[in-house]
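Engineer: Please see the structure below; I have some questions.
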Amino acid sequence: EILELYEAAVYPLFEKAGLTYNRKLLILTVKDTAAVQMSFTDPNNEVRNFYNYDLIVPVKAARNLFAYMLQDLNRYSAYHGSIETKRVPCFIIQKSGASVKTSAAGVAIEKVVKILNQSEAVKLPVVNASGFSGKLDLPLHEPLDFKLIKKKLQAYGLEIVTGKRPMRVFVLADKDAQ
(Lines give C-alpha, C1' and ligand atoms only; values in the text may rest on other atoms or scores of the structure.)
Protein backbone atom coordinates (compact mmCIF):
# COMPACT_ATOMS: atom_id res chain seq x y z
CA GLU A 1 0.00 0.00 0.00
CA ILE A 2 1.17 3.53 -0.67
CA LEU A 3 0.72 4.47 2.99
CA GLU A 4 3.25 1.80 4.00
CA LEU A 5 5.73 3.13 1.46
CA TYR A 6 5.35 6.62 2.89
CA GLU A 7 5.76 5.24 6.40
CA ALA A 8 8.91 3.37 5.36
CA ALA A 9 10.40 6.80 4.64
CA VAL A 10 8.85 8.53 7.65
CA TYR A 11 9.96 6.10 10.41
CA PRO A 12 13.69 6.79 9.88
CA LEU A 13 13.10 10.53 9.34
CA PHE A 14 11.40 10.67 12.74
CA GLU A 15 14.27 8.66 14.27
CA LYS A 16 16.81 11.03 12.72
CA ALA A 17 15.01 13.84 14.58
CA GLY A 18 15.14 11.86 17.86
CA LEU A 19 11.43 10.93 17.69
CA THR A 20 9.49 7.70 17.35
CA TYR A 21 6.75 7.45 14.72
CA ASN A 22 3.57 5.43 15.20
CA ARG A 23 0.15 5.54 13.52
CA LYS A 24 -1.18 7.80 16.28
CA LEU A 25 0.98 10.48 14.67
CA LEU A 26 -0.65 10.02 11.26
CA ILE A 27 -3.07 12.64 9.97
CA LEU A 28 -4.77 11.24 6.89
CA THR A 29 -6.55 13.93 4.87
CA VAL A 30 -7.13 11.99 1.66
CA LYS A 31 -10.61 11.81 0.15
CA ASP A 32 -10.50 8.03 -0.25
CA THR A 33 -8.66 6.35 2.63
CA ALA A 34 -9.22 2.92 1.05
CA ALA A 35 -7.10 4.04 -1.92
CA VAL A 36 -3.98 4.41 0.23
CA GLN A 37 -4.37 0.98 1.81
CA MET A 38 -4.06 -2.43 0.21
CA SER A 39 -7.33 -4.22 -0.45
CA PHE A 40 -7.88 -7.95 -0.85
CA THR A 41 -11.66 -7.65 -1.16
CA ASP A 42 -11.89 -7.26 -4.91
CA PRO A 43 -14.58 -9.62 -6.32
CA ASN A 44 -12.10 -10.90 -8.92
CA ASN A 45 -9.57 -11.69 -6.17
CA GLU A 46 -7.21 -9.06 -7.50
CA VAL A 47 -5.00 -7.19 -5.12
CA ARG A 48 -5.64 -3.44 -5.41
CA ASN A 49 -3.54 -0.49 -4.33
CA PHE A 50 -0.33 -2.52 -4.30
CA TYR A 51 2.89 -0.60 -4.93
CA ASN A 52 6.58 -1.33 -5.27
CA TYR A 53 9.43 1.14 -4.92
CA ASP A 54 13.19 0.85 -5.38
CA LEU A 55 15.85 3.51 -4.87
CA ILE A 56 19.59 3.24 -5.35
CA VAL A 57 21.86 6.07 -4.27
CA PRO A 58 25.64 6.44 -4.00
CA VAL A 59 27.07 5.55 -0.58
CA LYS A 60 27.91 9.20 0.14
CA ALA A 61 24.22 10.12 -0.37
CA ALA A 62 22.87 7.29 1.82
CA ARG A 63 22.31 9.61 4.81
CA ASN A 64 19.59 11.33 2.72
CA LEU A 65 18.02 8.13 1.41
CA PHE A 66 14.70 8.48 3.23
CA ALA A 67 14.36 12.18 2.46
CA TYR A 68 14.85 11.29 -1.24
CA MET A 69 12.28 8.52 -0.89
CA LEU A 70 9.70 10.92 0.55
CA GLN A 71 10.44 13.40 -2.25
CA ASP A 72 10.01 10.66 -4.89
CA LEU A 73 6.73 9.45 -3.41
CA ASN A 74 5.44 13.01 -3.39
CA ARG A 75 6.63 13.56 -6.95
CA TYR A 76 5.30 10.35 -8.50
CA SER A 77 2.17 9.50 -6.50
CA ALA A 78 -1.21 11.20 -6.28
CA TYR A 79 -0.43 12.16 -2.67
CA HIS A 80 1.72 14.55 -0.71
CA GLY A 81 3.27 13.50 2.59
CA SER A 82 4.99 15.83 4.99
CA ILE A 83 6.23 15.90 8.56
CA GLU A 84 4.71 18.90 10.30
CA THR A 85 4.19 20.29 13.77
CA LYS A 86 0.49 20.38 14.63
CA ARG A 87 -1.43 20.84 17.84
CA VAL A 88 -3.08 17.44 18.34
CA PRO A 89 -5.16 15.71 21.02
CA CYS A 90 -3.02 13.55 23.30
CA PHE A 91 -2.71 12.04 26.74
CA ILE A 92 -0.40 14.03 29.00
CA ILE A 93 1.41 12.53 31.98
CA GLN A 94 1.77 15.26 34.59
CA LYS A 95 2.29 15.71 38.33
CA SER A 96 -0.94 15.33 40.27
CA GLY A 97 0.03 17.71 43.07
CA ALA A 98 1.34 15.04 45.41
CA SER A 99 5.10 14.55 45.66
CA VAL A 100 6.34 12.31 42.87
CA LYS A 101 7.72 8.96 43.99
CA THR A 102 9.96 6.55 42.15
CA SER A 103 10.29 2.78 42.15
CA ALA A 104 13.57 0.94 42.74
CA ALA A 105 12.44 -1.68 40.23
CA GLY A 106 10.36 -1.04 37.17
CA VAL A 107 10.73 0.78 33.89
CA ALA A 108 11.98 4.29 33.11
CA ILE A 109 9.15 6.69 32.35
CA GLU A 110 10.53 7.25 28.82
CA LYS A 111 10.08 3.53 28.16
CA VAL A 112 6.56 3.65 29.67
CA VAL A 113 5.65 6.44 27.24
CA LYS A 114 7.09 4.44 24.33
CA ILE A 115 5.12 1.32 25.31
CA LEU A 116 1.90 3.32 25.69
CA ASN A 117 2.45 4.92 22.28
CA GLN A 118 2.97 1.51 20.66
CA SER A 119 -0.11 -0.06 22.24
CA GLU A 120 -3.37 -0.22 20.30
CA ALA A 121 -5.24 0.03 23.63
CA VAL A 122 -4.17 3.69 23.91
CA LYS A 123 -5.95 5.68 21.21
CA LEU A 124 -4.02 8.96 21.43
CA PRO A 125 -0.31 9.79 21.55
CA VAL A 126 1.16 10.02 25.07
CA VAL A 127 3.62 12.72 26.20
CA ASN A 128 5.45 13.12 29.49
CA ALA A 129 5.07 16.67 30.79
CA SER A 130 5.74 15.76 34.42
CA GLY A 131 9.45 16.52 34.53
CA PHE A 132 9.80 13.11 36.22
CA SER A 133 12.57 10.88 34.91
CA GLY A 134 12.57 7.97 37.37
CA LYS A 135 11.28 4.41 37.19
CA LEU A 136 7.71 3.17 37.53
CA ASP A 137 6.46 -0.32 38.38
CA LEU A 138 3.41 -0.64 36.13
CA PRO A 139 1.53 -3.51 34.42
CA LEU A 140 2.80 -2.93 30.87
CA HIS A 141 2.05 -6.34 29.34
CA GLU A 142 -0.38 -6.75 26.47
CA PRO A 143 -3.29 -6.57 26.45
CA LEU A 144 -2.65 -3.24 28.10
CA ASP A 145 -5.16 -2.06 30.73
CA PHE A 146 -4.95 1.71 30.27
CA LYS A 147 -7.44 2.44 33.08
CA LEU A 148 -5.35 0.38 35.51
CA ILE A 149 -2.15 2.16 34.44
CA LYS A 150 -3.82 5.53 35.01
CA LYS A 151 -4.85 4.39 38.49
CA LYS A 152 -1.38 2.99 39.33
CA LEU A 153 0.26 6.27 38.26
CA GLN A 154 -1.62 8.07 41.03
CA ALA A 155 0.43 6.14 43.62
CA TYR A 156 3.52 7.80 42.13
CA GLY A 157 2.03 11.31 42.27
CA LEU A 158 1.34 11.32 38.54
CA GLU A 159 -1.81 11.47 36.45
CA ILE A 160 -2.84 11.20 32.83
CA VAL A 161 -5.07 13.94 31.45
CA THR A 162 -6.36 14.63 27.96
CA GLY A 163 -5.18 17.79 26.26
CA LYS A 164 -3.60 19.18 23.12
CA ARG A 165 0.09 19.63 22.46
CA PRO A 166 2.15 20.63 19.45
CA MET A 167 3.66 17.43 18.09
CA ARG A 168 5.55 16.31 15.02
CA VAL A 169 3.08 14.35 12.89
CA PHE A 170 3.00 12.81 9.44
CA VAL A 171 0.32 14.33 7.19
CA LEU A 172 -0.75 12.48 4.03
CA ALA A 173 -3.02 14.45 1.72
CA ASP A 174 -4.31 14.25 -1.83
CA LYS A 175 -1.95 16.12 -4.11
CA ASP A 176 -4.83 18.05 -5.71
CA ALA A 177 -5.77 19.37 -2.23
CA GLN A 178 -2.41 21.16 -1.97
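The values are calculated or read from the model by the stated rules, or taken from the named source; none is laboratory data. Computed from a predicted model, the values in this text were never measured in an experiment. Heads up, the Cβs are rebuilt from the backbone with ideal geometry, glycines too, and the neighbour counts pull from every protein chain shown. Surface accessibility is based on the protein's heavy atoms, side chains included, excluding ligands, DNA and RNA. Shrake-Rupley method; radii C 1.70, N 1.55, O 1.52, S 1.80 Å.
Engineer: What's the number of the only condition in (1) touching a residue at least 24 places away in the same chain (Cβ under 8 Å); (2) open to solvent by less than 70 Å² (accessible area, probe 1.4 Å) that PHE50 fails to meet?
Structural biologist: Of (1) touching a residue at least 24 places away in the same chain (Cβ under 8 Å); (2) open to solvent by less than 70 Å² (accessible area, probe 1.4 Å), only one is false for PHE50: (2).
Engineer: Is it the case that some residue within region 100-115 is polar (S, T, N, Q) and at pLDDT 90 or above?
Structural biologist: No, that holds for no residue.
Engineer: What number goes with the only condition from (1) out of contact with any strand residue (DSSP E or B) (no Cβ under 9 Å at 6 or more places or on another chain); (2) within 14 Å of ILE160 (Cα to Cα) that TYR76 does not pass?
Structural biologist: Just one mismatch for TYR76, condition (2).
Engineer: Right, another one. List every residue pair whose Cβ atoms lie under 8 Å apart, where the two residues are 6 or more positions apart in sequence or sit on different chains, the first residue falls within region 8-26 and is farther than 18 Å from VAL126 by Cα and open to solvent by 70 Å² or more (accessible area, probe 1.4 Å), and the second residue, located anywhere, is assigned to a helix (DSSP H, G or I) and of a type outside the set (Asp, Glu).
Structural biologist: That search, which allows pairs on different chains as well, returns LYS16/PHE66.
Engineer: Could you list all residues from region 128-151 that are open to solvent by less than 90 Å² (accessible area, probe 1.4 Å), closer than 16 Å to ALA98 by Cα and in a helix (DSSP H, G or I)?
Structural biologist: Hit for region 128-151 is LYS150, nothing else.
Engineer: Name every residue in region 152-166 that is of a type outside the set (D, E, K, R), part of a strand (DSSP E or B) and over 20 Å from the mean Cα position of the chain (by Cα), in order of residue number.
Structural biologist: Result: LEU158, single match.
Engineer: Does VAL171 qualify as being at pLDDT 90 or above and open to solvent by 40 Å² or more (accessible area, probe 1.4 Å)?
Structural biologist: no
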